[in-house]
1. By how many degrees, 0 to 90 and rounded to 10, does the Cα axis of helix 412-430 deviate from the longest principal axis of the chain?
2. Of all DSSP beta bridges in the chain, what percent run antiparallel (nearest 5)?
3. Which cross-chain or sequence-distant (5 or more) residues have an amide H under 5 Å from the amide H of Glu276, H modelled 1.01 Å from N in plane?
4. Determine ³J(HN,Hα), in whole Hz, for all residues of region 473-485 in sequence, where each value follows from phi through the Karplus function 6.51 cos²θ - 1.76 cosθ + 1.60 and θ = phi - 60°; x replaces Gly and Pro.
5. Looking at the chain from every direction and averaging, what is the projected area of its Cα convex hull in nm²?
6. Taking θ as phi - 60°, what are the ³J(HN,Hα) couplings along region 324-339 by the Karplus curve (6.51, -1.76, 1.60), each to the nearest whole Hz, with x for Gly and Pro?
7. Could you calculate, for region 253-295, the ratio of the Cα radius of gyration to the Kirkwood radius, expressed as Rg to Rh?
8. Picking from Phe449, Ala371, Ile404, whose Cα lies most toward the positive end of the charge dipole for region 330-453 (charges on Cβ: Lys, Arg +1; Asp, Glu -1)?
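Computed from the coordinates by the stated procedures, all read-outs in this text should not be read as laboratory data. Here the structure is a predicted model, which means the values were calculated and not measured. FYI the Cβ positions are ideal-geometry reconstructions off the backbone, even for glycines, and counts take in every protein chain you see.
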Amino acid sequence: MVGLSGRADGESVTVVGGGVGGLSTAAYLADAGADVTLVEKNDQLGGRASRLEADGFRFDMGPSWYLMPDVFERFFAHFGKAPSDYYDLERLDPHYRIFFKNEGIGAGDGEQVDIAADRSKNRELFESIEPGAGEAFDEYLATSERHYETAMEKFVYEDRSSLRDWVDLDVMRAAPIGIKLMRSMQGHVDNYFENPKLQQIMQYTLVFLGGSPRNTPALYNMMSHVDFNMGVYYPVANEADENGDHPGGIGVVVDAFVDLCRELGVDFETGVEVDEITRRKRGFLVADETGAERRPDRVVVNADYAHAEQELLPEHERQYDDGYWDDRTYAPSAYLLYLGVEGDVPELAHHTLVLPDDWDPHFEKIFDDPAWPDEPAYYLCVPSKTDDTVAPEGHSNLFVLVPIAPGLEDSPARRDRYREQILDDVADHTGTDLRDRIVFEEDFCVSDFVDRYNATAGTALGLAHTLRQTALLRPPNRSDAVEGLYFTGSFTTPGIGVPMCLISGQHTAQALVDDVN
């Protein structure tokens, strides 16, 4: 499915929530002739892809990796555009750096490795850590690429939201991919690499999917093709701002989505929180906290799916009861530190991962026995390595992200204690002591995700990609309970992440257009 089949001329649609899924749906529907208004709770559009600007620093508050460039190209192409109409891409080299907290597992193994833009260098790295791993690396990526191409064509771009959609010849031909769904990523990677560090390199992207190696289907080995073959990029605006600068970051991509929507005629209302969605005899009532009312023909919800069902819809219009939502596996929340730092941080790359040799205890404290991790795996982002517009001259822009269990208590005292632990850990394992150099600081955690995004249990991402929450087992884009009500974003298909939410927008828009016709 390249574009939408059908039109929605004259249909009035209110999109509730201005995250990536909502922006994507709004663009597709406006292009199909609908009269679209998007209502967003916060003053910024982009949902979790918001920006924090203060004291000369600018932070991407949420997503910071630009992956799967083919998805963005495909999205813009539907509208006769290209990403380059709005922003340019700089490929990062290294893609990222990894600090391992302990040494000595394998021959040639060190405490720091760089994953390069040059695939042959990465092959040499794998071989140096584990004899024979270079050949296994090639085999693994060949499988990953095949799975990516098949999965994207048959299971991601095609909206297979019901069981009958899976019973066709094309899907049967792709049966080997389906078999991969029945085992874990850990079991899959074990077949290729013995060294735990190599296994971690092939599995760290699962954090972007909100899962762990033991609860995420092996189908997602396709993310290694995204990582090693397609590359990691940094977007930079191709038009100068009022200061003559070309700012970069994921916020620039959100700006492109918003600009496209405006070009297509989408109207935006920001700083307006919807508190009621109700089906009427003709169309819907969408009311906000000020008492203002909208009466569209149809509604698309890009707000947190569980929040919308439990708080915005009357009980008789809900698809699921509270027990259903209580029984879901939510992707991690996060403890985040946004830091403005004096001077450079030469030990760190634009993207840096700090991983313990055994990360199972951290994942267990996210999914099995929720608690603040004692020996955390975490991510450091230093966009000022690439972009001198994100920090004042002579300073670095740095943020720390530690995945933690959703629903944890995150009092100021608890956050302060963890701040000290993380700053110690960064100094100990990367050689970067930040304490006496911090000139700007803000944190963000579980309760902030709830307050800012109405995120269930403070999840930073949505529903995890576990076996029973993959494909048609995720909540549907089209409500089963209310005609004319639709959902988009990371709770539904195809899932978590900016590229997936772009595709979700197309699925949702197509469902609405199908119903109009």
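1. 50
2. Details: 48 of 69 bridges.
Of those bridges, close to 70 percent are antiparallel.
3. Distant-sequence amide H within range of Glu276: Ala287.
4. Computed from phi, the couplings for region 473-485 are 8, 8, x, x, 6, 9, 4, 7, 9, 10, 5, x, 10 Hz.
5. On the way: hull surface 92.3 nm².
If you wrap the Cα atoms of the chain in a convex hull and average its projections, you get 23.1 nm².
6. Couplings: 4, 5, 5, 8, 6, 9, 8, 5, x, 8, 7, 9, 10, 10, 9, 10 Hz.
7. Working: Rg = 13.4 Å, Rh = 12.2 Å.
The Rg/Rh ratio comes out at 1.10.
8. Of the listed residues, the answer is Phe449.
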